[in-house]
Amino acid sequence: MPSTQSFQRRVLLMTNSEYGQANSIIAIAHALAIQPNVEVHFASFHDAESRLEELRASLQGTDTLGLGSSLSFHDIGGISMKEAICQLPDMANYIHGCGFWGALDSYRNLTKTLFGWKPEQYMEAVNGCVNIIKKVNPHAIVIDNLLCQGVDACRQIGKKYISAGPLSLKDITMELQPRSLLNYPMMSTAYPFPLPWSKVLPNLAVGLYLGYSLFTSPGLKALNAVRHAAGLKGLPPMFQGFQTDIEYLIPTIPEIDLAVTVIPPNITICGPFILPVFGTIEDADPGLAIWLKAAEGRTILVNLGTHTIADANMTQQLARGISSVIQHERDHGRKLQFLWKLKLSPDSEVDSILQTELGREIKNGDVRVLGWLSIDPLALLQGHIMCSVHHGGANSYFESILNGIPHVILPRWYDLYDYAQRAEYLGVRIFASKTVAPDVDSVEFANAVIRVIAPQSTYIKKAKELAHICKAKCRGRELGAERILIAADQSLFSEQT
């Protein structure tokens, strides 16, 4: 096929606007935008526009936007997934436990979590995606794994697409693996891998209950009635299983995932889709840079994600655990400090709890509590952080893996429990709330952190080993962009002939 790089290639990326989903697609947008002659069209809900503007400004500020390339935003219209969930009673701050009963509870609410939209709101987004596709007329379409409206739009008008996002190799191919329910823990259970015999029957039971909950969900029935009336067959796309006629771009490699034996040919294993770091800590926050440098790499980052608003009990337990860890290290003659990104809830007791439990440590400079980080957390992981405490989100997991940082994970829902178990299986982290999840216990948390950062810690050694493997094998967003442009070039060549 002759080269098409001298022609304008139009690529449409479509994603949910929540950080966990959008981050992967924004990283791919960056990799595409630095290539020559690529029109990158980014479609999402309104609250993602500012993040795309930041990316465009960074590319222009560093003079890395490709020659003849552009980056533009398209509003899908309607409300985002997060806004849809918040309109449902008791779902805005939904969390659940793990194990058998925790998984059942999570499945009862799964369709509300993933499809909080009213049927007409869902179809508004489908129609918005259709209109954008027709307007852009792209040579390649890439859709976030969980943006069902984008997939439905493509199917409605007969457009081919590529699937991408944070879902792992195990997440995408579990149904294809031999005896999958006998070997792989179901979502939300936090059962270990490989699945012990004692958990096989409970795992089968929750798997059957998941199917039952989907087929009996009143909300899903109402949504499907509207979808079917629009000519869209079957369940929403994410429940239709593995598709053999599309390409999947996977943000992992086998070495950092649960072991699988079947990898279909339409899967491209890329490695994590992570944005490069723009700017420096020194420029963004000089005071923070000095504080981090003084610790000589002995800082622990506590960052529980954009959705987590700490309640009073969780804050108190974490604060007590942090105080215990600092005291333990002080008793052994080792300096240690904590950087805690804490999203404060208005009119909460959090401020007074922090002063009661950590007042001395904050005054002494051993703990810094920030409502928002002025620099990408990834920049902190590159040489300043010795351990990352996070909620188990895919992006936090991949960023820590890539930088050789051991984790302590405090999951509170769905796939976060899966990532907690995945990292424990790999030997790079501890699931530090296993006995009380979705809550936190100060003693369990403190013991986990102390074990991870111990001078001869196997967690530190294993994390560095995996980072070396990733450095050699992961091409991430660059490989994803290559595959997308191959598809775009093929479409453009067909168009010209």
- Specify which of the listed residues (ASN137, ASN127, ASN145) is touching a strand residue (DSSP E or B) at 6+ places or on another chain (Cβ under 7 Å) and either surrounded by fewer than 21 Cβ atoms within 10 Å (Cβ to Cβ) or without any contact (Cβ under 8 Å) to a residue 24 or more places away in the chain (or both). ASN137
- Query: Between residues in the range 25-39 that are within 23 Å of LEU146 (Cβ to Cβ) and residues that are part of a helix (DSSP H, G or I) and among the acidic types (Asp, Glu), which pairs lie under 8 Å by C-beta distance while being six or more apart or on different chains?
  - Reply: ALA31/GLU478
- Task: Being in contact with a Lys or Arg (Cβ under 8 Å, 6 or more places away or on another chain), in a loop (DSSP other than H, G, I, E, B) and modelled with pLDDT of 95 or more is the filter; apply it to the range 246-270 and report the residue that is surrounded by the most Cβ atoms within 10 Å (Cβ to Cβ).
- Result: CYS270
- Query: Limited to the range 118-142, what total is found for residues that are under 26 Å from the mean Cα position of the chain (by Cα) and of a type in the set (D, E, K, R)?
  - Reply: 2
- Look through the range 394-420, keep the residues that are over 20 Å from PRO192 (Cβ atoms) and aliphatic (A, V, I, L, M), and return whichever of them is surrounded by the most Cβ atoms within 10 Å (Cβ to Cβ). ILE405
- Residues located in the range 357-390, provided they are over 12 Å from LEU342 (Cβ atoms) and assigned to a helix (DSSP H, G or I): GLU357, GLY359, ARG360, GLU361, LYS363, ASN364, PRO377, LEU378, ALA379, LEU380, LEU381
- Message: Among the residues that make up the range 200-210, is at least one of them in a helix (DSSP H, G or I), within 22 Å of GLU255 (Cβ to Cβ) and among the polar types (S, T, N, Q)?
- Response: no
- Limited to the range 99-128, what total is found for residues that are within 18 Å of HIS228 (Cβ to Cβ), assigned to a helix (DSSP H, G or I) and of a type outside the set (Phe, Trp, Tyr)? 9
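Take the residues in the range 396-411 that are outside any strand (DSSP E or B) and over 14 Å from the mean Cα position of the chain (by Cα); name whichever of them is nearest to ILE274 (Cα to Cα). Write out each step before concluding.
Our first condition is that a residue be outside any strand (DSSP E or B); within the range 396-411, this holds for 396-406, 410-411.
This time we only want the ones that are over 14 Å from the mean Cα position of the chain (by Cα), so: 402-406, 410.
Details: LEU402: 9, ASN403: 12, GLY404: 15, ILE405: 15, PRO406: 18, LEU410: 22 Å.
Here the answer is LEU402.
Would you call VAL443 among the aliphatic types (A, V, I, L, M), in a helix (DSSP H, G or I), at pLDDT 95 or above and buried (at least 18 other Cβ atoms within 10 Å of the Cβ)?
Against the criterion (among the aliphatic types (A, V, I, L, M), in a helix (DSSP H, G or I), at pLDDT 95 or above and buried (at least 18 other Cβ atoms within 10 Å of the Cβ)), VAL443 does not qualify.
Determine which member of the set LEU88, LEU104 is in the same structural domain as VAL40 (by TED's automatic domain parsing) and either under 27 Å from MET186 (Cα atoms) or at pLDDT below 95 (or both). Give the derivation first.
Values: LEU104 fails: in the same structural domain as VAL40 (by TED's automatic domain parsing).
Residue meeting the stated conditions: LEU88.
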- Considering residues of the range 22-70 that are touching a Leu at 6+ places or on another chain (Cβ under 6 Å) and assigned to a loop (DSSP other than H, G, I, E, B) only, the residue surrounded by the fewest Cβ atoms within 10 Å (Cβ to Cβ): PRO36
- Note on the structure: Over the range 84-102, the set of residues out of contact with any helix residue (DSSP H, G or I) (no Cβ under 8 Å at 6 or more places or on another chain) and either over 23 Å from SER433 (Cβ atoms) or among the polar types (S, T, N, Q) (or both) is CYS86, GLN87, PRO89, ASN93
- Counting only residues that are closer than 24 Å to CYS270 by Cα, assigned to a helix (DSSP H, G or I) and touching a Pro at 6+ places or on another chain (Cβ under 8 Å), the range 156-184 contains a total of 3
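The values are calculated or read from the model by the stated rules, or taken from the named source; none is laboratory data. It should be emphasised that the depicted structure is a prediction, and the values quoted were computed from it without experimental measurement. Here Cβ is always computed from backbone atoms with ideal geometry, including for glycine, and neighbour counts include all displayed protein chains.
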